[in-house]
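Undergrad: Pasting a structure here, questions to come.
Computed from the coordinates by the stated procedures, all read-outs in this text should not be read as laboratory data. Just so we're clear, the structure is a prediction, and the values are computed from it rather than from any experiment. Counting neighbours? That spans all protein chains shown, and the Cβs are built from the backbone with ideal geometry, glycine included.
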């Protein structure tokens, strides 16, 4: 049994330690917001936080996540009023929406390290997250809005 | 009698008396299905007690109101805008109804294909053109073909869903009139309630039982757009919040009690069978429950998707060889040799005397190329299936419900009506979910696992390997310019046939020339005295299918790049010349708008360049201006302006998002994507080989929707075709280098 904390709740799974966290979350624990897109850290759709850092869950073996704290979008603090999620809704970013939870988890992490990112900084941090529908103009706008919201505490 | 026989017997052929020169379109025999529904309304079957359905889109029970989204949601917003078109007329507010995707039924036949199937230019509003479209509509009605594609979501449903809502509203009012004794004229509706003159409010759901007992008020008219509450104004897409919160369940997120997980390894030589395999290593791997042999590969059944994928990876397979050339260079050779009479698709259009025209003034000749490209929506192909003695039930996101039934049934010896299909929210498509590899394979697997639900997920690598790509194409264009004018344009292309390929795999093969190979080539609206557009269909190459904007995605690049070459040879300004040559007033307005938006004033200099392109696809005229800078790290795309005329912008925010996404799609794939074959299989197996656009390359994209076209048009695909030629034309303006082949990064660096 491997034990980890997911969205504040202790969970135990009985799988091989090489299994990527992504598949533990999706198939073993039924948490489906992290998406399988590429399996090789090319798309970012599986992005979650481990101990507060945004990571690609398709590349994190569950054995190495043991004892750590995982947060998916279901478990983001204050999610109904979270400035990033709010900005994403305001700008109606999603089309198909499949990549968006990964985009949002990456954006939350971006704004934690750079509160008012420039376009150049957004490009640098967000370029690992692929959007096949091409919602990039809206992702950029939503990040700026979220940054402004955070600054003004709204 | 087998399905195929009935199909061919009943198949309607365009190109018969009604629509000369058109295409063949197979008919699905839905007689059995239709007979099982009351008045052709599939919702009548299985309707609960005290519930009402007035048409195939509205269902009211004592507990809830359900509106049917008839098309597939592939990210374009069907699951929002279609119910809202009904809700607008029913005076329902978001939150007062549930949404369900339509099951297979001829009641949902797509009227939106009529214009595309009638062999007339979109701008042609002549009586002959309209008659041909009416004939095409009739044959679509007869065939009952229910399909999402061809940017037809809004054109198909703009009228009928508003009428469906109006009928529901008026029938509910009639039921309230009957109950209260108040004349209908004195009754109104608001926010899910019928309101009587004394102010009493009756919720719609309370009227369901009574409304079910009276005939629907069929002559109800939809309201004038000036009266709209929701439509035509910025509105919140109904699926945005659940997608942002990670709550929306895509097909791949579905779970059914007792299900097992499957992964597959299929013959990379598309369509060819498995010869033999050795699963000895896989059998003992963790989580593995079973190894199955299927027609063109092997499947592993396991306790989760990852175990299944890891194990299937370890199976050694021997494959039957490909029936198309094993190496990419030979694909190009076949294509190069296809400009011959025996491969003629069709001479689609001829104006004046091209051969004579080409002898006037300066001759310009150019060859263009476009490679195979993969679709690769981010949600890989998947599905859940369970087979019992009664038939198969399948949960899969797909654009052709009836074809899913046909393909699954054919794979395992069932009748199509024995397949129960549940459509799912999908993580994109771009044409991928019009194909069937996951459906066919899932049917085979589930048939060997009878009674147990099986969830199939393609690995990204398998999805790439089985992706039936966009057509590959070469254009050989000639033209002439004289005294500052284009005199002649002789446009010829050879390509694989995407639409015919799709039809064949749907069980409705066509012998007629592929109309998608004309798209973007024959529908040129410039006043050119001598003009000809001819397609050749290459044989024996990779299967191909529809890829966002289909034929126009390649031909639009060829045509609008070549027109640009002619304009430059004539010494004219690319945008002013297009405006002056444009023969359709509403289309000219599109070009004028993009000129105004971009403040076009000719060459920019200082290492900057602008290019313009104009393509009408699926009836929607779209003009784009792309601005680039030459930097020491390569070409940077700074800004794009788009003007597009859809007759009516129904959902403005989503409209802008769709247009921007189309531009990103068109630019990204033009810059860096191709699918090539080696040893019979695709060489690109993940996004690092086939990347398209990421955010760092994404320009600012300014969009304006126009409403001058006499018809309501779609916008999912039309922004794609002008993007590549506008970019190539901008690169020419900035550098003097003319790029005539996609992907462009083979010839020039990009930031």
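Undergrad: Starting from the Cα gyration tensor of the range B:320-359, take the square roots of the eigenvalues, sort them a ≥ b ≥ c, and report rounded, prolate or oblate (rounded when a/c is under 1.5, otherwise prolate if a/b is larger than b/c, else oblate).
TA: Working: a/c = 4.93, a/b = 2.80, b/c = 1.76.
Cα axes put the range B:320-359 in the prolate bin.
Undergrad: Considering Cα pairs under 8 angstrom that are at least six residues apart, work out the relative contact order of the range B:48-135 and quote it in whole percent. Walk me through the numbers before you get to the answer.
TA: Details: 87 pairs, mean separation 18.4, N = 88.
21 percent.
Undergrad: For residue A:151 and residue A:51, calculate 0.36 nm times their separation in residues minus their Cα-Cα distance, and state this gained length in nm to one decimal.
TA: Working: separation 100, 0.36 × 100 = 36.00 nm, distance 2.41 nm.
Full extension of this stretch gives 33.6 nm more.
Undergrad: Given a Förster radius of 35 Å and the C-beta distance between residue B:226 and residue B:700 as r, what FRET efficiency does 1/(1 + (r/R0)^6) yield to the nearest 0.05? Before the final figure, lay out each step's value.
TA: Numbers: r = 33 Å, r/R0 = 0.94.
The calculated FRET efficiency here is 0.60.
Undergrad: Fewest to most neighbouring Cβ within 10 Å: what's the order for B:506, A:1, B:236? The partial results should precede the final answer.
TA: Working: B:506 23, A:1 7, B:236 16.
The order, fewest Cβ neighbours first, is A:1, B:236, B:506.
Undergrad: Another question, if that's okay. Counting DSSP beta bridges in chain A, what percent are antiparallel, to the nearest 5?
TA: Details: 12 of 14 bridges.
Of all bridge pairs located within chain A, approximately 85 percent are antiparallel.
Undergrad: Taking the Cα centre of each part, how many Å lie between the range A:1-56 and the range B:270-288?
TA: 27 Å
Undergrad: Taking a point 7 angstrom from the Cα of residue B:188 along the C-beta vector, which residues in the range B:85-123 have backbone N less than 18 Å away?
TA: B:88-93
Undergrad: Suppose we take every Cα in chain A and form the convex hull; what volume per residue is that in Å³? Each step should come with its number before you reach the end.
TA: Working: hull volume 15.4 nm³, N = 154.
Here the figure is 100 Å³ per residue.
Undergrad: Label points 7 Å out from Cα along the Cβ direction at residue B:583 and residue A:114: separation in nm?
TA: 5.2 nm
Undergrad: On to the next question. How many angstrom separate the Cα center of the range B:490-568 from the Cα center of the range B:184-263?
TA: Taking the Cα centre of each part, the range B:490-568 and the range B:184-263 sit 41 Å apart.
Undergrad: Points 7 angstrom from Cα along the Cβ direction at residue A:144 and residue B:141: gap in nanometres?
TA: Result for the modelled spin labels: 5.1 nm.
Undergrad: Using a ≥ b ≥ c from the Cα gyration tensor of the protein assembly as shown (square roots of the eigenvalues), is it rounded, prolate or oblate, where a/c under 1.5 gives rounded and otherwise the larger of a/b and b/c decides, a/b for prolate? Show your work: numbers first, answer last.
TA: Working: a/c = 1.28, a/b = 1.12, b/c = 1.15.
Note, shape of the protein assembly as shown comes out rounded.
Undergrad: Restricting to DSSP H runs of at least four residues, report the calculated mean residue ellipticity at 222 nm for the protein assembly as shown, -39500 (n - 2.57) per run over all residues, nearest 500 deg cm²/dmol.
TA: Numbers: 26 runs with 278 residues, N = 905.
When only DSSP H runs of four or more count, the value is -9000 deg cm²/dmol.
Undergrad: For chain B, which semi-axes, largest first and in whole Å, follow from the square roots of 5 times the eigenvalues of its Cα gyration tensor? Mind dumping the intermediate values first?
TA: On the way: eigenvalues 343, 245, 116 Å².
So the three semi-axes of chain B are 41, 35, 24 Å.
Undergrad: Considering only DSSP beta bridges where both residues belong to the range A:2-75, give the percentage that are antiparallel (nearest 5).
TA: Working: 12 of 14 bridges.
Bridges in the range A:2-75 are about 85 percent antiparallel.
Undergrad: Still on this model: Tell me, what is the Rg over Rh of the range B:269-423, with Rh the Kirkwood radius over Cα pairs? Walk me through the numbers on the way to the answer.
TA: Details: Rg = 23.9 Å, Rh = 20.8 Å.
On the Cα set of the range B:269-423, Rg over Rh gives 1.15.
Undergrad: Compute the length gained on full extension between residue B:737 and residue B:333: take 0.36 nm times their separation in residues and subtract their Cα-Cα distance, giving the result in nm to one decimal. Before the final figure, lay out the partial values.
TA: Details: separation 404, 0.36 × 404 = 145.44 nm, distance 2.55 nm.
Residue separation times 0.36 nm, minus the Cα-Cα distance, leaves 142.9 nm.
Undergrad: Oh, and also: Restricting to the protein assembly as shown, what percent of DSSP beta bridges are antiparallel, rounded to 5? Before the final figure, lay out the partial values.
TA: Working: 100 of 131 bridges.
The antiparallel fraction comes to roughly 75 percent.
Undergrad: Then there is this: Cα convex hull of the range A:2-75: how many Å³ per residue? Show your work: numbers first, answer last.
TA: Details: hull volume 5.3 nm³, N = 74.
Looking at the range A:2-75, the number lands at 72 Å³ per residue.
Undergrad: Moving on to the next point. In whole percent, what relative contact order does chain B give with Cα contacts below 8 Å and a gap of six or more residues? Working shown, then result.
TA: Numbers: 1765 pairs, mean separation 100.4, N = 751.
Normalised by residue count, the contact order of chain B is 13 percent.
Undergrad: Something else about it: Order of B:557, B:109 from fewest to most other C-beta atoms within 10 Å?
TA: Taking fewest neighbouring Cβ atoms as first place, the list is B:109, B:557.
Undergrad: Which residues among the range B:535-561 fall inside the zone where the amide N is under 19 Å from a point 7 Å beyond the Cα of residue B:360, along Cα→Cβ?
TA: Label zone hits: none.
Undergrad: Give the calculated FRET efficiency between residue B:93 and residue B:415 to the nearest 0.05, with a Förster radius of 41 Å applied to their Cβ-Cβ distance. Numbers along the way, then the final one.
TA: Numbers: r = 42 Å, r/R0 = 1.03.
E(calc), rounded to 0.05, equals 0.45.
Undergrad: Related question: With labels modelled as points extended 7 Å from the Cα through the Cβ direction, what inter-label distance (nm, one decimal) is found for residue B:100 paired with residue B:599?
TA: Taking the two extended label points, one gets 5.5 nm.
Undergrad: Could you tell me how far the Cα centroid of the range A:87-154 sits from the Cα centroid of the range B:397-428, in Å?
TA: 37 Å
Undergrad: So for B:676, B:189, fewest C-beta neighbours within 10 Å to most, what's the order?
TA: Working: B:676 17, B:189 21.
Sorted ascending by nearby Cβ count, the order is B:676, B:189.
Undergrad: When the convex hull of the Cα atoms of the range A:79-152 is projected onto a plane and the area is averaged over all directions, what value comes out in nm²?
TA: In nm², the orientation-averaged hull projection of the range A:79-152 is 4.3.
Undergrad: Rounded, prolate or oblate: which fits the range B:562-657 when a ≥ b ≥ c are the square roots of the eigenvalues of the alpha-carbon gyration tensor, with rounded for a/c under 1.5 and prolate only if a/b beats b/c? Numbers along the way, then the final one.
TA: Details: a/c = 2.30, a/b = 1.28, b/c = 1.79.
It is oblate, given that a/c is not under 1.5 and a/b is not larger than b/c.
Undergrad: Between residue A:68 and residue B:45, what is the FRET efficiency for a Förster distance of 45 Å, r being their Cβ-Cβ separation, to the nearest 0.05?
TA: Details: r = 52 Å, r/R0 = 1.15.
Once the sixth-power term is evaluated, E becomes 0.30.
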